[in-house]
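Everything below concerns the one structure shown next.
The values are calculated or read from the model by the stated rules, or taken from the named source; none is laboratory data. Bear in mind the structure is a predicted one, so any value in this text is a computation, not a measurement. Cβ sites come from the backbone with ideal geometry, for glycine too, and all protein chains shown count toward neighbours.
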RNA sequence: GGGCCCGUAGCUCAGCGGUUAGAGCAGGGGACUCAUAAUCCCUUGGUCGUGUGUUCGAAUCACACCGGGCCUACCA
């Protein structure tokens, strides 16, 4: 692939504001993010755009059920989505919303174009209406008895018992799932796009533009393009949460109209912020002028919208068409569909509470080969692969050699390594080609082979023996470690699109931030090296178990609280992150005498009050039993409600020298746990039965 | 019913017309001790779903069948 400069606009499908991000969604966002980071690392101009998909009946219904406005609902979900994405290091250049002024404006422009081309028509549609809720009902909001086999409680579009399909109006004894009311058939005008008028264009574009995998093009040809395309129902009658159609009051654009236009709106907003020109991305170019590339990453479930309706809209509006529609499959967990009852319906944030996001990014990368097949998250394999590849091979390379360079830094000249660095540099061509094809699995395989060679090198050179051989071998030792660290950093460059955080850490260790793919082609010389810290912790099976247990618990919330003492400590394995300890290594050894100098006592909180001027402090009055009380300022404000503290037992350092603080004298210290892995401050409680004044020993 | 994809070592997969079919993990044996029980070497293990065909030659192409998955369909 020639290295001509490219301008690449990349999108992921817009997540719907009706639910939280889960590991299935993340297949797409991680895949896209890797692709984008790769392009940027290669020096291309690349922007990654996405947005929340906010409109539609489902949002309206949900907001009502929760007793708040749609805007409040979508704002809250947006925050949650952004936080989840940030947790997984998904780096959008812009993240918009379909409920934005830019999107409204662009919807209007596309709509005008459709009108101008005579592609809009109106027709009455008979639909069920819920007279209590006052809304038209989508098929899935109606249940009733199957008209064919009389099975009860079936959806409005098809019967799960006999497989019959019908319209919601055919159901016997239909009921609205919103209000329970019996719906009535009402007629309402809908607007349609007569997409058939673009049939010829679509047939040609899907077949020969190169944007679509031939298998998909074939599928489209066989299922849709083999007959006249049906008019696309593009409007919904009020009430509907969305944009009202300017020239058709009382009608709203259907969510699938404004969702893809969200790509345009996000571009527009990004341009406004960064000073780019919208036209430079979406304007159709004439002749051989170099256009921007447009890559859409989507799941196979929305193929139809992105390969027929969306290009039709762009064509009608005279905008640039997608260069590639990259379609991926679904995620299964342990070989089966994600399941709430098995605890495998894993939310992004549940994962993040237990495991490192980089590990999922790597695992997905190792699985994704650019095809449309589903990928499986096998949790045992996940554990084994992440540990073997990332910890055992890659991180270990630095872990076992960095220390030899502590005093000296890298050798002034890169030594003879038998051609290892050059070989891995040459691999860069293949690795880059694999990234470009979204065949990340092939890229990872090639990278790991290089890691294997590097470890074999260290093994053969035996730097630990050189270290013991004394000053005569010092030069050789430095050379060997220099080779190892260079091979390590080279791997980090190749892995940077997948493991951005890891790449940063490697940059901190040696050589500074990794900014360019080219850094894989030249070894570093004569540089100092930072202190090696564990860059990644092994995954323990217990951590995975704990994640599943939590996911299971959250999916099926317990309404009956467990009585104390029956908590299933034995059946639900505890699994603890290594992070807190790793972040704060153990202090120097102390003797029992040292320990007994600290007099730790059980105490009862008698009173707790806010200190308004203090950022972190609560003023506590504690009892050590009898009438011995102390005043203690504790740095737990924001983590504990004062009122909920009163009466509880805690542990205090009772013989701590009193300290004059800004707000008063503190006569002790309440001990609490804090550290990496969780932000809170956690008070300690003794088992029940302990009494104030008892000493800890 | 139609269409598509998949079926290669215990597991995940690569190979997709050409020498005795490969990798990682798991299993077995050994080495080393620098490293997060990590690393390195050796090794066990496959009639490449089944059958028929095309070909000098097939895991690789064709057809049929079996098994798994996905999409789509009230007929064609």
Flagged in segment A:453-474 as surrounded by fewer than 13 Cβ atoms within 10 Å (Cβ to Cβ) and either within 27 Å of residue A:503 (Cβ to Cβ) or more than 14 Å from RNA strand B (Cβ to nearest atom) (or both), in numbering order, are A:456, A:459, A:470, A:471, A:472
Sole residue being modelled with pLDDT of 95 or more and crowded, with 22+ Cβ neighbours inside 10 Å, chosen from A:270, A:310:
A:270
I'm trying to understand the selection: among the residues of segment A:428-442, which are touching a residue at least 40 places away in the same chain (Cβ under 8 Å) and more than 12 Å from RNA strand B (Cβ to nearest atom)?
A:428, A:431, A:432, A:433, A:435, A:436, A:438
Please determine whether any residue of segment A:397-408 is assigned to a loop (DSSP other than H, G, I, E, B), buried (at least 21 other Cβ atoms within 10 Å of the Cβ) and at pLDDT 90 or above.
yes
Take residues that are in the same structural domain as residue A:29 (by TED's automatic domain parsing) and more than 16 Å from RNA strand B (Cβ to nearest atom) and tell me which of the strands (runs of 3 or more DSSP E) falling wholly in segment A:274-392 contain 2 or more.
A:293-299, A:324-328
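With a cut-off of at least 3 residues that are within 20 Å of residue A:42 (Cα to Cα), name the helices (runs of 4 or more DSSP H) lying wholly within segment A:448-547. Quick ask: steps written out before the conclusion?
Working: elements: A:463-468, A:474-495, A:500-509.
By residue number, A:474-495, A:500-509.
For residue A:215, are the conditions met, namely being farther than 15 Å from residue A:58 by Cα and assigned to a loop (DSSP other than H, G, I, E, B)?
On the way: farther than 15 Å from residue A:58 by Cα: yes; assigned to a loop (DSSP other than H, G, I, E, B): no.
It is false that residue A:215 is farther than 15 Å from residue A:58 by Cα and assigned to a loop (DSSP other than H, G, I, E, B).
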List every residue pair whose Cβ atoms lie under 8 Å apart, where the two residues are 6 or more positions apart in sequence or sit on different chains, the first residue falls within segment A:445-457 and is under 18 Å from residue A:417 (Cα atoms) and assigned by TED's automatic domain parsing to the domain that holds residue A:480, and the second residue, located anywhere, is within 7 Å of RNA strand B (Cβ to nearest atom) and part of a helix (DSSP H, G or I).
A:451/A:389; A:451/A:393; A:452/A:393; A:455/A:393; A:455/A:396
Restricting attention to segment A:218-238, and to residues there that are modelled with pLDDT of 85 or more, surrounded by 17 or more Cβ atoms within 10 Å (Cβ to Cβ) and outside any loop (DSSP other than H, G, I, E, B), which single residue is farthest from RNA strand B (Cβ to nearest atom)?
A:237
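To keep it simple, each residue is scored yes or no on (1) buried (at least 16 other Cβ atoms within 10 Å of the Cβ); (2) modelled with pLDDT of 85 or more; (3) within 31 Å of the chain's Cα centre (by Cα).
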| residue | (1), (2), (3) |
| --- | --- |
| A:318 | no, yes, no |
| A:322 | yes, yes, yes |
| A:357 | yes, yes, yes |
| A:388 | no, yes, yes |
| A:395 | yes, yes, yes |
| A:418 | no, yes, no |
